[in-house]
Number of protein chains: 2
Amino acid sequence: MIAIRFSLFYEHQLPRPWEDGQELKLYQDALDQVEIADRVGFDYVWEVEHHFLEEYSHSSAPEVFLAAASQRTKRIRLGHGIVQLPPAVNHPARIAERVATLDLVSNGRVDFGTGESSSSAELGGFGVRRADKRAQWQDAIDAITRMFVEEPFAGWNSADITMPPRNVLPKPLQKPHPPLWVACSRRETIQFAARNGIGALSFSFVEPEDAGRWVDDYYRIIASDECVPAGFAVNPNVAVVLPMMLHEDEATAIDRGIDGAHFFAFALAHYYGTTPHDPGRTNVWDEFLRRRESRGFSRQEIIANAESLNVNVGSLRGAVGTPDQVTELIRRYESAGVDQISFVLQAGPNKHEHICESLELFGKSVLPRFTEGRDEREAEKAERLAPAIEAALARREPARKPPPGYRIDEDAEVTRVHRSSRRRPIRVDVRTAARRRCQQGFYKLVHGRSDAQIEKRFGPGAQRVFFAGMARAFDPSASAGFTGELEFRLTRAQGRTVWTLHIGKSRARARSGPARDPALTLTLATADFLRILAGDANPASLLMDGRLELRGDHYLAPRLSEMFGGPSPY
Amino acid sequence: MIAIRFSLFYEHQLPRPWEDGQELKLYQDALDQVEIADRVGFDYVWEVEHHFLEEYSHSSAPEVFLAAASQRTKRIRLGHGIVQLPPAVNHPARIAERVATLDLVSNGRVDFGTGESSSSAELGGFGVRRADKRAQWQDAIDAITRMFVEEPFAGWNSADITMPPRNVLPKPLQKPHPPLWVACSRRETIQFAARNGIGALSFSFVEPEDAGRWVDDYYRIIASDECVPAGFAVNPNVAVVLPMMLHEDEATAIDRGIDGAHFFAFALAHYYGTTPHDPGRTNVWDEFLRRRESRGFSRQEIIANAESLNVNVGSLRGAVGTPDQVTELIRRYESAGVDQISFVLQAGPNKHEHICESLELFGKSVLPRFTEGRDEREAEKAERLAPAIEAALARREPARKPPPGYRIDEDAEVTRVHRSSRRRPIRVDVRTAARRRCQQGFYKLVHGRSDAQIEKRFGPGAQRVFFAGMARAFDPSASAGFTGELEFRLTRAQGRTVWTLHIGKSRARARSGPARDPALTLTLATADFLRILAGDANPASLLMDGRLELRGDHYLAPRLSEMFGGPSPY
């Protein structure tokens, strides 16, 4: 059995309508909450870095908020994450400087979370090409961790970062540097975290049992030759993020917390899907009220019944419930080997007083059930992993020394930066662009139409195009080794059509007609199927409404979106 | 009579040798000091943003330090300055976000200081062309202040910044935005501040009487048509920065504070002059010990004699002295119309305990002499300037609305950014580069040589080249309207040569031979003259040593360096 840690997770959400002084209250309340969390025994507070995501996240400068929090707290660790690593958003030296400074003002309490940035609002706002961002993450984390340990940093010369030798100051208090994390949203990125030897912070609202499979994957890779640390230390940890609200009375917990949980997930889908957004004009809260049901966030489905919590079956429930319910849920994650659960309380319209009450109650009634023997179990884990970590670190290129006698030469250095910034050819990923543009157009054609209208517009010929497109978009890294057949039975007013996707090791093929031996059969209306493809309907919600029927291996269903290139927040 | 405010100024200096834990102590001590300053009545704490300036400034993320300070203080304003505005250092949206967030966590206590960045370490490190940085400052401050007030920011498309419409969040608490400042180092930049309607933060260690002329200039321009505000509010203020250490016993004050004051100025000259610097290897503190005398920072010249303080005559003295001496110095700045004095106590090897004692003593014995009636005088000033400010703001372009129905379109936006980043032609300022490269080479040829060696190497032919070069480098904006003749009498072992620079309105000419009617005559050894040009000797120090003799208008002398393109910290 693993030890489990608890954290708070902040997006600084602020649903419209906005009034004067609300952002002030949002920030000041959050500081008060973090103070309570520190006192009652939470281990971490995480704060995201997001830009321009109105209502969903007004947390664009977590370095500032966390620095403020550092002086209001004594023990709690400060999760500076997810810092967006594409250099167009943050120069790598500025990131290293901020993380180190935060480590100094907080007496060594920083955890350094990283991400690639993923919303159109952010990538378009900063001019980051989607096709480049993974490579930029890998490049930047290598440069930044070297800035922490190299004295002086020996310089960098890549497609996206050119910097001459400099001593990047100050250095972090924690040696060699604060623990590293990366944001994950799917099994593939959890594996990616493990290969880089860093903590995985997952935003998938997964059931404990699914998380368990991810954790097994993760620790298998950590212990294998595949792990080549991105930093100069390994941080073997898997954390999952969950909405939370706690009250002794379940109905009260739901009443106080479920709208926040649902808005959190709805707004995430809004910014990371294909929903159109007009800066300064789109009202996400209004959209939520209008469309939460159709998107799978039905409030009525969340019923106080004292049963076990299902995190994400039907409407998203998360950890909204009584201390006993939440304790049982945590036990399941603990058994699955999850190292940390990060709770989102400040979400949507959730009230400050209720958040504070929840934190106090958690500290009194839930937390004490998990602290006994925790340090010992963590020490055992560290001991168990030590040989693997040592071996992994030996695979990493060591810190460098700069060329002897390197002297600052402004003109030569500036010229080098300007030359190299022209090295990457202008290259628009035409296929990705075309696909996204096509999906946006598709959304408009489907949204608000009746089944009959949709069926009429997209006949069998169009369906062939869509299935061929799904086969092309297939991402083998997301199938986790599955091969076999998926059968789609698309019903309509008269009759139905049947399609089969054959999933191979590295590619998928689509054909019309039934499967010979389907691993999973999905039966749904043609119009609903097209709505899912267009991002106008949510499979989970259709399932709950009885509009989608599954037969075969149910566990395959939640993976379909990733397999075929669905949206992801990170 | 004007009201005067007091502030602390932090570079976070850390002279070598470095030991483990020193950066932690540096930051934690500074937080303690700021807490005292807040309690005893200081009005502001300023913290710089500098990168890679080992020993001189380990303050690379002031947004983090000031946010921490915000929770340790109640009243003191947080001077976030100088933020470096070139977009290669800080994306303008990231600046707007950090300033706004700091304003929210501090309950509206931010002052937003800006600068262009100016050291080779920083410009070379981030790849900023010296020739572009002024234009980038002007461009960025316009974009950033619009991000504060436009909802949504309507986008930007300039040579250096391309950004689509986005709602930049959060918004600052202070409306329309925190007061703006710009770092100044010479009369020309003070005038520049006035033309932009923003506070001038001067780093020139000027005597009160010189400051008075600058202040007059500044307020004349603020009240004139020349003032077109860079932001959406005018901040009419002039601040000067001074080293300080206070003790009832003058000798003790000197003993505790003079090395810090001298190291501060020496290291500034090190990074902003042409002294070579090897990252991670150059030991600035050792250089200081070896060369402080020759650079004009002679400790012996600072004598406890209970006389009036001369800030910068001979060795730099600043405000190192007794409460009575410092009070009298402040009175002189106050009479000159200076609005704020910013004291540097954390400098070089100065000790935390002495800094704390000084702050307490200042709060007890100096500050109370300046607070009476201050609010009323400030209100009068505001009233007096109100019509001019209103008129100035009317000259500023108002906030914009974005194109109606603008919708986020990632692919089009990313493509636009990448296209535009190629718009600025590759252009190396060959003349500037050649001049600097030439000066660096020159330094090496002069440094450590005897007079005879230097004279032998640089005969009259070389002198002709140097004077022609000075004439070409002449910057008319720095001459403050002066026209006339400067005569240089260069002595050598046998005989001497005489050169004249004729300063016209827009250009200068050099010729050999005496002037007809010199405004100022400088007599010095040929070798010393060449050492000054090479950055290997300091005119003030030569003057004190009797090696440089001035006849005529002494006030012209300090301006010579600016007139002929000398180094400046901002």
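So which residues in the range A:275-317 are of a type in the set (Asp, Glu) and within 17 Å of A:ILE532 (Cβ to Cβ)? Please lay out each step first, then the result.
Residues of the range A:275-317 of a type in the set (Asp, Glu): A:278, A:286-287, A:293, A:301, A:307.
A:GLU293 - this is the single residue of the range A:275-317 that is of a type in the set (Asp, Glu) and within 17 Å of A:ILE532 (Cβ to Cβ).
Which of the residues that make up the range B:148-166 are within 7 Å of chain A (Cβ to nearest Cβ) and surrounded by fewer than 21 Cβ atoms within 10 Å (Cβ to Cβ)? So that I can check it myself, show each step before the final result.
The first filter runs over the range B:148-166 and keeps only residues within 7 Å of chain A (Cβ to nearest Cβ), leaving B:151-152, B:162-166.
If the condition is that a residue be within 7 Å of chain A (Cβ to nearest Cβ) and surrounded by fewer than 21 Cβ atoms within 10 Å (Cβ to Cβ), then B:GLU151, B:THR162 are the ones that fit.
For A:GLU250, are the conditions met, namely being closer than 19 Å to A:ALA347 by Cβ and surrounded by fewer than 19 Cβ atoms within 10 Å (Cβ to Cβ)?
Values: closer than 19 Å to A:ALA347 by Cβ: yes; surrounded by fewer than 19 Cβ atoms within 10 Å (Cβ to Cβ): no.
Against the criterion (closer than 19 Å to A:ALA347 by Cβ and surrounded by fewer than 19 Cβ atoms within 10 Å (Cβ to Cβ)), A:GLU250 does not qualify.
For every residue, the table says whether it meets (1) small (Gly, Ala, Ser); (2) under 28 Å from A:HIS50 (Cβ atoms); (3) at pLDDT 95 or above.
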{"position": "B:ASP132", "(1), (2), (3)": "no, no, no"}
{"position": "B:ALA135", "(1), (2), (3)": "yes, no, no"}
{"position": "B:ALA140", "(1), (2), (3)": "yes, yes, yes"}
{"position": "B:ILE144", "(1), (2), (3)": "no, yes, yes"}
{"position": "B:ARG166", "(1), (2), (3)": "no, yes, yes"}
{"position": "B:PRO176", "(1), (2), (3)": "no, yes, yes"}
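Every residue in the range A:200-238 that is of a type in the set (Gly, Ala, Ser), modelled with pLDDT of 95 or more and within 16 Å of the chain's Cα centre (by Cα), please. Walk me through how you get there before you give the answer.
Kept after step one, since they are of a type in the set (Gly, Ala, Ser), are these residues of the range A:200-238: A:200, A:202, A:204, A:211-212, A:223-224, A:230-231, A:233.
This time we only want the ones that are modelled with pLDDT of 95 or more, so: A:200, A:223-224, A:230-231, A:233.
Result: A:ALA200, single match.
Condition first: within 8 Å of chain B (Cβ to nearest Cβ) and not aliphatic (A, V, I, L, M). Now tell me which residues in the range A:60-69 satisfy that.
Correct list: A:SER60, A:GLU63, A:PHE65.
Would you be able to tell me the number of residues in the range B:42-59 that are within 13 Å of chain A (Cβ to nearest Cβ) and part of a strand (DSSP E or B)?
Of the residues in the range B:42-59, 1 are within 13 Å of chain A (Cβ to nearest Cβ) and part of a strand (DSSP E or B).
Considering (1) among the basic types (Lys, Arg); (2) more than 11 Å from chain A (Cβ to nearest Cβ); (3) closer than 25 Å to B:ARG396 by Cα, say which one B:ARG75 fails and leave the rest.
The number of the failed condition is (3).
Mind telling me which of the residues A:PHE52, A:PHE9 ends up being on the phi < 0 side of the Ramachandran plot, assigned by TED's automatic domain parsing to the domain that holds A:LEU345, buried (at least 23 other Cβ atoms within 10 Å of the Cβ) and within 21 Å of the chain's Cα centre (by Cα)? Before the answer, list the steps.
On the way: A:PHE52 fails: on the phi < 0 side of the Ramachandran plot.
Checking each option against the conditions leaves just A:PHE9.
I'd like to check which helices (runs of 4 or more DSSP H) are fully inside the range B:397-464 and have at least 3 residues that are over 26 Å from B:ALA88 (Cα atoms), at pLDDT 65 or above and not charged (D, E, K, R).
Numbers: elements: B:410-420, B:430-446, B:451-457.
Correct list: B:430-446, B:451-457.
Within the range B:266-319, track down each residue that is without any contact (Cβ under 8 Å) to a residue 60 or more places away in the chain and out of contact with any helix residue (DSSP H, G or I) (no Cβ under 9 Å at 6 or more places or on another chain).
B:ASP278, B:ARG281, B:LEU289, B:ARG290, B:GLN300
Is there a residue being touching a Phe, Trp or Tyr at 6+ places or on another chain (Cβ under 7 Å), away from chain B (no Cβ under 12 Å) and in a helix (DSSP H, G or I) anywhere in the range A:117-126? Even if it seems obvious, please write down each step before you answer.
We begin by selecting, within the range A:117-126, every residue touching a Phe, Trp or Tyr at 6+ places or on another chain (Cβ under 7 Å); these are A:118-119, A:121-122, A:125.
Filter once more, keeping what is away from chain B (no Cβ under 12 Å): none.
No: the range A:117-126 contains no residue that is touching a Phe, Trp or Tyr at 6+ places or on another chain (Cβ under 7 Å), away from chain B (no Cβ under 12 Å) and in a helix (DSSP H, G or I).
Before we move on, is B:ASP132 part of a helix (DSSP H, G or I), within 13 Å of chain A (Cβ to nearest Cβ) and either β-branched (Val, Ile, Thr) or more than 30 Å from A:LEU66 (Cα to Cα) (or both)? Write out each step before concluding.
Working: part of a helix (DSSP H, G or I): yes; within 13 Å of chain A (Cβ to nearest Cβ): yes; either β-branched (Val, Ile, Thr) or more than 30 Å from A:LEU66 (Cα to Cα) (or both): yes.
Answer is yes for this residue.
Can you tell me which residues in the range A:264-317 are within 14 Å of chain B (Cβ to nearest Cβ) and either in contact with a strand residue (DSSP E or B) (Cβ under 6 Å, 6 or more places away or on another chain) or on the phi > 0 side of the Ramachandran plot (or both)? Before the answer, list the steps.
Here is the first cut: in the range A:264-317, the ones within 14 Å of chain B (Cβ to nearest Cβ) are A:267, A:270-284.
Matches in the range A:264-317: A:PRO279, A:GLY280.
Just to be sure, is B:ILE254 part of a helix (DSSP H, G or I) and in contact with a strand residue (DSSP E or B) (Cβ under 7 Å, 6 or more places away or on another chain)? Spell out how you get there, then give the answer.
On the way: part of a helix (DSSP H, G or I): yes; in contact with a strand residue (DSSP E or B) (Cβ under 7 Å, 6 or more places away or on another chain): yes.
So B:ILE254 fits the description; yes.
Output yes when any residue across the range B:480-490 is assigned by TED's automatic domain parsing to the domain that holds B:GLU549, hydroxyl-bearing (Ser, Thr, Tyr) and buried (at least 17 other Cβ atoms within 10 Å of the Cβ), and no when none is.
Within the range B:480-490, not a single residue is assigned by TED's automatic domain parsing to the domain that holds B:GLU549, hydroxyl-bearing (Ser, Thr, Tyr) and buried (at least 17 other Cβ atoms within 10 Å of the Cβ).
Pull up the range B:87-116, narrow it to residues that are part of a loop (DSSP other than H, G, I, E, B) and within 28 Å of B:THR73 (Cβ to Cβ), then point me to the one that is farthest from the other protein chains (Cβ to nearest Cβ). Explain how you work it out, then say what you get.
So the first thing to find is which residues in the range B:87-116 are part of a loop (DSSP other than H, G, I, E, B), and the list is B:87-91, B:106-109, B:116.
Next, only the ones that are within 28 Å of B:THR73 (Cβ to Cβ) stay: B:89-90, B:106-109.
Numbers: B:VAL89: 7, B:ASN90: 7, B:SER106: 8, B:ASN107: 7, B:GLY108: 8, B:ARG109: 12 Å.
Restricting to residues being part of a loop (DSSP other than H, G, I, E, B) and within 28 Å of B:THR73 (Cβ to Cβ), the top hit is B:ARG109.
Please specify each residue of the range A:167-177 satisfying the condition of being in contact (Cβ under 8 Å) with a residue 60 or more places away in the chain, closer than 29 Å to A:ASP409 by Cβ and at the interface with chain B (Cβ under 7 Å from one of its Cβ atoms).
A:VAL168, A:LEU169, A:PRO170, A:LYS171
Within the range B:491-550, track down each residue that is assigned to a loop (DSSP other than H, G, I, E, B) and aliphatic (A, V, I, L, M).
Filtering the range B:491-550 down to residues assigned to a loop (DSSP other than H, G, I, E, B) leaves B:492-495, B:504-507, B:513-517, B:534-538, B:545-547.
Correct list: B:ALA493, B:ALA515, B:ALA534, B:ALA537.
For the range A:308-389, which helices (runs of 4 or more DSSP H) that fit wholly inside it have 2 or more residues that are at pLDDT 95 or above and among the hydrophobic types (A, V, I, L, M, F, W, C)? Let's see the steps before the verdict.
Details: elements: A:323-335, A:352-361, A:368-371.
Where helices (runs of 4 or more DSSP H) fall fully within the range A:308-389 and carry at least 2 residues being at pLDDT 95 or above and among the hydrophobic types (A, V, I, L, M, F, W, C), they are A:323-335, A:352-361.
The values are calculated or read from the model by the stated rules, or taken from the named source; none is laboratory data. Values in this document were obtained by computation on a predicted structure and should not be read as measured data. Neighbour counts are summed over all protein chains in view; Cβ atoms, including those assigned to glycine, are modelled from backbone coordinates with ideal geometry.
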